[in-house]
Amino acid sequence: MFDLTDKIALVTGGNGGIGLGMARGIGQAGATVIIVGRNAEKSAAALRELQSLGIRAEALACDVAQEREVQRLFADVQARHGRLDILVNNAGSTIRKPPQDFSLDDWNRVMDVNLTSAFLCARAAFPLMKAAGSGKIINIGSILSTFGAPYAPAYCASKGGIVQLTKSLALAWAGDGIQVNAVLPGWIDTELTVGARNQVSGLNERVLARTPAGRWGTPQDLAGIAVFLSSGASAFVTGAAIPVDGGYSAA
Ligand code: NDP
């Protein structure tokens, strides 16, 4: 039920953090994993790690916020594999400032990486998945898809948008056999959060107190949901937004 042998998966931001955790899970379930990022050194290190686990993996460079680069990326995937079974839209970043200090450029940078990239990659994956009559798209939202954060206006807006984009794509493409779901991680210990954890006084304690599981998540905590949503086990799940947050959203 969870076997992904012979599947081709592409994970944006798969060269680090949560994306690498999900790439490990999907790869260990049998898929060939294409990890996508901009930093060549990080991608090479992630590739070595995946291959050392016996996972068939490749690394491709792409800034997924750029339409032309995304078109080139998916043309490359089609040329190499002729198919794409699983797409994980995970690449993301944030700018932390009060809303009144946000420039339009700040706003656009966060929206482009977190939300527009998911649209661009899903649109580029569609013809490949439609031709196969099946496909799995996993969009990474956040607890900030539903909760607010005062210094992250574009991040919150982009992650809220991920949930609505997910529902719209799920409805549009259900008849083509393509399932589209969102995963909403809680506080996960990665490069994205390490700065805030070290710099924002009391953040570590607040996260621990606010998270019923009593700990930060790890990238490995996202591997299981990635395998589930990539596999036949989730055959009747589409348009869902699933929290993986140690109980944060239940409290
Ligand atoms: P990291 O910063 O650790 O990893 C983000 C990855 O995205 C990097 O590997 C980076 O690679 C890649 N990336 C960033 N911008 C681009 C781009 N324009 N094009 C291609 N790749 C890009 O972050 P996390 O692992 O923590 O976050 C992953 C996702 O999970 C994000 O969408 C984030 O918003 C979400 N999330 C994270 C939470 C957390 O607590 N950590 C909580 C909730 C959601 P490179 O530098 O090589 O481009």
Problem set entry | Estimated FRET transfer efficiency when R0 is 22 angstrom, pair Ala240-Gln28 (beta carbons, to 0.05) | 0.40
Problem set entry | Chain lengthening between Asn108 and Gln220 when straightened (0.36 nm per residue, less Cα-Cα) | 37.3 nm
For this session: Report ³J(HN,Hα) in whole Hz for each residue of segment 138-145, in order, from the Karplus equation J = 6.51 cos²θ - 1.76 cosθ + 1.60 where θ = phi - 60°; Gly and Pro get x.
Result: 10, 9, 8, x, 5, 4, 7, 6
For this session: Could you grab the relative contact order for the chain? Cα pairs under 8 Å, six or more apart, rounded to a whole percent.
Result: 22 percent
For this session: Scan around Lys7 for amide H atoms under 5 Å from its own, H built in the peptide plane at 1.01 Å from N, and keep only partners 5 or more places away or cross-chain.
Result: Thr32
Seminar exercise, completed: Once phi for every residue in segment 239-248 is put through the Karplus expression 6.51 cos²θ - 1.76 cosθ + 1.60 (θ = phi - 60°), the whole-Hz ³J(HN,Hα) values, with Gly and Pro written as x, are x, 8, 10, 9, x, 10, 9, x, x, 3
For this session: Give a residue-ordered list of calculated ³J(HN,Hα) values for segment 33-45 (Karplus: 6.51 cos²θ - 1.76 cosθ + 1.60, θ = phi - 60°; whole Hz; x for Gly, Pro).
Result: 10, 9, 9, 10, x, 9, 8, 5, 5, 4, 5, 5, 5
Exercise. Which of these, Gly175, Gly92, Gly141, has the largest mean-square fluctuation under a Gaussian network model of the chain (Cα springs below 10 Å)?
Worked result: Gly175
Exercise. Relative to a virtual label point 7 Å from the Cα of Arg80 in the Cα→beta-carbon direction, which members of segment 44-60 show backbone nitrogen distances below 16 Å?
Worked result: 44-52, 55-60
Seminar exercise, completed: The long-range amide H neighbours of Gly239, using H built 1.01 Å from N in the peptide plane and a cut-off of under 5 Å, are Val180, Asn181
Exercise. Label-point separation (nm) for Ala209 and Asn39, each offset 7 Å from Cα along Cα-to-Cβ?
Worked result: 3.2 nm
For this session: Normalising by the residue count of segment 35-169, find the relative contact order in percent from Cα pairs under 8 Å and 6+ residues apart.
Result: 25 percent
Exercise. Given H placed on each backbone N at 1.01 Å, which residues far from Gly14 in sequence or on other chains put an amide H within less than 5 Å of it?
Worked result: Val36
Exercise. Which shape class applies to segment 114-185: rounded if a/c is under 1.5, otherwise prolate when a/b exceeds b/c and oblate if not, where a ≥ b ≥ c are the square roots of the Cα gyration tensor eigenvalues?
Worked result: prolate
Exercise. Please state the relative contact order of segment 112-251 as a whole percent: Cα pairs under 8 Å, 6+ residues apart?
Worked result: 29 percent
Problem set entry | the chain: Lys pairs at Cα distance under 21 angstrom, eight or more positions apart or on different chains | 7
For this session: Could you tell me whether segment 11-139 comes out rounded, prolate or oblate from its Cα gyration tensor? Rule is a ≥ b ≥ c as square roots of the eigenvalues, rounded for a/c under 1.5, then prolate if a/b exceeds b/c, otherwise oblate.
Result: oblate
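Where a number appears in this text, it was derived from the coordinates with a stated rule and is not lab data. Given the structure is predicted, the values throughout are model-derived calculations rather than measurements. Neighbour counts are summed over all protein chains in view; Cβ atoms, including those assigned to glycine, are modelled from backbone coordinates with ideal geometry.
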